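Everything on this sheet refers to the single structure shown next.
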Amino acid sequence: MNVLIVEDHPLISNAYKNTLEHVSTNNTDLKFNIDIVTNCDDAYFKIKSAQKTNTIDIVFLDIKLPPSKDRKIVSGEDLGIKIRTLLPNAKIVIATTYNDNYRIGSIFKTINPDGFLIKNDLNPKELVFAIEKIIENTPYYSKSVVALMRKKTSNSIMIDDIDRKLLYELSLGTKMSELPEIMPLSLTALERRKRTLKDLFNVKSDRDLLIVAEQKGFI
């Protein structure tokens, strides 16, 4: 099986690699070809390269990653959406430190991952179990994800890729008047989205919007 690890923390990527090798040692019929990348640009290159041959079986995908140089791919969630389109047979395993129910819900709606791991939940034994289940085509969610999925939220508004890119650009200091040149929407539509995000996060100012969005892992 060909495995792509998209992770910018060496300790985490090495943990995946060592666990995959351990699983392979216990199953002589199972071998892994492992590739590791640390940012959105390199990951997208690997995904595009594998599109014609469909040669990536499993992707371990962090959510918070260095964005692409053109700022079109700003997170692992954006990458996950592209993987679902370009490599529909690949299994996606999300691994993140974020444990906010809005963020988890957004990822489930946009990517519907085959595995969802909160890094703080992980230990070597659970990681082995998760990988074995995913290889068996059984979805695996760590305990914090299951707990968050059970939480009900009174607001069903979905934060999509345009909302996330809007938040990302605002976090860089981009002015609203400049955004129509960067994003495929009018200033009026972008202002409306910003107001909706403020209502969703129950904040009044742009500053508080960015603070809460960062706390929840959207930027």
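The values are calculated or read from the model by the stated rules, or taken from the named source; none is laboratory data. Predicted, not measured: the structure shown is a model, and the values here were computed from it. Cβ: placed from backbone, ideal geometry, glycine included. Neighbour counts: every protein chain shown. Side chains included, ligands, DNA and RNA excluded: accessible areas come from the protein's heavy atoms. Shrake-Rupley method; radii C 1.70, N 1.55, O 1.52, S 1.80 Å.
Checked against the criterion of being more than 20 Å from Val3 (Cβ to Cβ) and open to solvent by less than 40 Å² (accessible area, probe 1.4 Å), the candidates Tyr98, Tyr102 yield just one match: Tyr98.
Kindly indicate which of Asn27, Asn89, Asn18 is open to solvent by less than 70 Å² (accessible area, probe 1.4 Å), out of contact with any strand residue (DSSP E or B) (no Cβ under 9 Å at 6 or more places or on another chain), farther than 21 Å from Asp161 by Cβ and not hydrophobic (A, V, I, L, M, F, W, C).
Numbers: Asn89 fails: open to solvent by less than 70 Å² (accessible area, probe 1.4 Å); Asn18 fails: open to solvent by less than 70 Å² (accessible area, probe 1.4 Å).
The conditions single out Asn27.
Remark: pairs (first residue in the stretch 180-199, touching a residue at least 12 places away in the same chain (Cβ under 8 Å); second residue loosely packed, with under 13 Cβ neighbours inside 10 Å; Cβ separation under 6 Å; 6+ apart in sequence or on different chains) are absent.
Here are Glu181, Glu191, Glu169: which of them is within 25 Å of Lys109 (Cβ to Cβ) and open to solvent by 50 Å² or more (accessible area, probe 1.4 Å)? Step through it out loud before you land on a result.
Working: Glu181 fails: within 25 Å of Lys109 (Cβ to Cβ); Glu169 fails: open to solvent by 50 Å² or more (accessible area, probe 1.4 Å).
Sole residue among the options that is within 25 Å of Lys109 (Cβ to Cβ) and open to solvent by 50 Å² or more (accessible area, probe 1.4 Å): Glu191.
Any chance the stretch 59-67 includes a residue that's outside any loop (DSSP other than H, G, I, E, B), aromatic (Phe, Trp, Tyr) and either open to solvent by less than 70 Å² (accessible area, probe 1.4 Å) or touching a Gly at 6+ places or on another chain (Cβ under 7 Å) (or both)? Yes, the stretch 59-67 has at least one match.
Residues checked against (1) touching a Lys or Arg at 6+ places or on another chain (Cβ under 8 Å); (2) within 25 Å of Leu200 (Cβ to Cβ); (3) open to solvent by less than 50 Å² (accessible area, probe 1.4 Å):
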| site | (1), (2), (3) |
| --- | --- |
| Val93 | no, no, yes |
| Ile111 | yes, yes, yes |
| Gly115 | yes, no, yes |
| Asp121 | yes, no, yes |
| Lys133 | no, no, no |
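All told, Val128 falls short of being within 21 Å of Val23 (Cβ to Cβ) and either acidic (Asp, Glu) or open to solvent by less than 20 Å² (accessible area, probe 1.4 Å) (or both). Residue by residue through the stretch 205-219, note down the ones that are exposed (fewer than 13 other Cβ atoms within 10 Å of the Cβ) and not in a helix (DSSP H, G or I). Once the filter is applied, which keeps residues that are exposed (fewer than 13 other Cβ atoms within 10 Å of the Cβ) and not in a helix (DSSP H, G or I), the stretch 205-219 yields only Ser205. Output the residues belonging to the stretch 1-56 that are hydroxyl-bearing (Ser, Thr, Tyr), part of a helix (DSSP H, G or I) and farther than 21 Å from Asn123 by Cβ. Scanning the stretch 1-56 gives Tyr44, Ser49.
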